[in-house]
1. What percent of all Cα-Cα pairs in region 47-89 falls into each 10 Å bin, going from 0 up to the bin containing the maximum distance?
2. Let me know the whole percent of all Cα-Cα pairs from region 10-69 that are separated by more than 16 Å.
3. When the helices in the chain are scored as -39500 (n - 2.57) per DSSP H run of 4 or longer and the sum is shared across all residues, what 222 nm value do you end up with, to the nearest 500 deg cm²/dmol?
4. Among the helices of the chain (complete DSSP H runs), which have Cα atoms covering no less than 24 Å along the helix axis and a Kyte-Doolittle mean of at least 0.0?
5. Please compute the per residue accessible area over region 8-49 with all protein chains in place, 1.4 Å probe, rounded to a whole number of Å².
6. If you roll a 1.4 Å probe over the chain with all protein chains in place, what percent of the accessible area is carbon or sulfur?
7. Specify, per residue and in Å³, the volume enclosed by the convex hull of the alpha carbon atoms belonging to region 73-143.
8. Throw me the Rg/Rh for the chain, computed over C-alpha atoms with Kirkwood Rh, two decimals.
Amino acid sequence: MAEKETGRVEAFSDGVFAIAITLLILEIKVPKLSHDSDPAALAAELLGLWPSYLAFLLSFFAILIMWINHHGLFSMVRRVNPGFLYANGFLLLLISFVPFPTSVLAEYLDGKALNAAAAFYCGTFIFISIGYSLIWQCMVKGDLLKPEVSAAHVRKIARAYRLGMAVYVLSTLVAFTNGYLGLGMNLSLWLLWSVLGYRPTAESRT
């Protein structure tokens with residue numbers, strides 16, 4: 001019964017991730033030119049959409065990595081409770097919001113408002129980090145973890161979440177004065193989340 005419950009929650013969550021990642025492409029608008037326009041004009045318009053392409057790629061991979069980490073959490077949970085469901089719902093709310101700051105970033109990436117757009121984008125990930133931390137706290141304090149998950153592994157995940165939150169906050173503050181640097185700091189966490197590893201290793205079980 002517990003596996004069925006967690007499976008239903010994960011399947012629903014996967015659907016939200018899939019919709020969010022699909023909506024990103026809708027922010028890239030087809031250039032509006034007359035049908036007898038010069039091919040060079042269309043090529044120039046398509047090249048001019050580079051901020052949209054870049055913002056799309058950044059958020060696509062960000063959501064992909066978040067989905068992989070979400071799947072990692074579910075590989076460690078043996079059952080769910082109401083607190084876990086609400087925390088997961090809060091996270092899904094934030095995931096579904098990601099296309100909006102992506103659109104803002106694409107619109108102002110090459111303009112004077114870059115810093116504000118980058119700070120808004122980076123700031124979104126502060127709340128996403130809070131969402132993941134809430135789920136993790138529900139899993140640990142609610143006794144939802146599988147028996148094979150050791151205390152050492154719990155500490156490893158907790159340290160990674162604290163580090164991630166610190167970098168997200170710092171990247172947001174930096175983005176107010178240097179948008180590109182703030183974005184770079186934000187994206188540097190891809191490496192952490194990509195190699196974090198939720199399944200306990202032999203070392204983490206000791």
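The values are calculated or read from the model by the stated rules, or taken from the named source; none is laboratory data. Since the structure is predicted, the reported quantities are computational estimates derived from the model, not experimental observations. Ligands, DNA and RNA are excluded from the accessible area calculation, which covers all protein heavy atoms including side chains. Shrake-Rupley method; radii C 1.70, N 1.55, O 1.52, S 1.80 Å.
1. For region 47-89, the binned pair fractions read 23, 34, 22, 15, 6 percent.
2. Working: 963 of 1770 pairs.
When every Cα pair of region 10-69 is considered, 54 percent fall beyond 16 Å.
3. Numbers: 8 runs with 152 residues, N = 206.
Only helices count here, giving -25000 deg cm²/dmol.
4. Working: long enough: 2-23 (32 Å, 0.39); 50-74 (36 Å, 1.30); 114-141 (40 Å, 1.24); 151-175 (36 Å, 0.81); 179-195 (26 Å, 1.15).
Qualifying helices: 2-23, 50-74, 114-141, 151-175, 179-195.
5. Details: 2990 Å² over 42 residues.
Result: 71 Å² per residue.
6. Numbers: 7600 of 11080 Å².
Answer for the chain: carbon and sulfur cover 69 percent of the accessible area.
7. On the way: hull volume 5.4 nm³, N = 71.
Here the figure is 77 Å³ per residue.
8. Values: Rg = 19.5 Å, Rh = 18.5 Å.
Radius of gyration over Kirkwood radius for the chain works out to 1.06.
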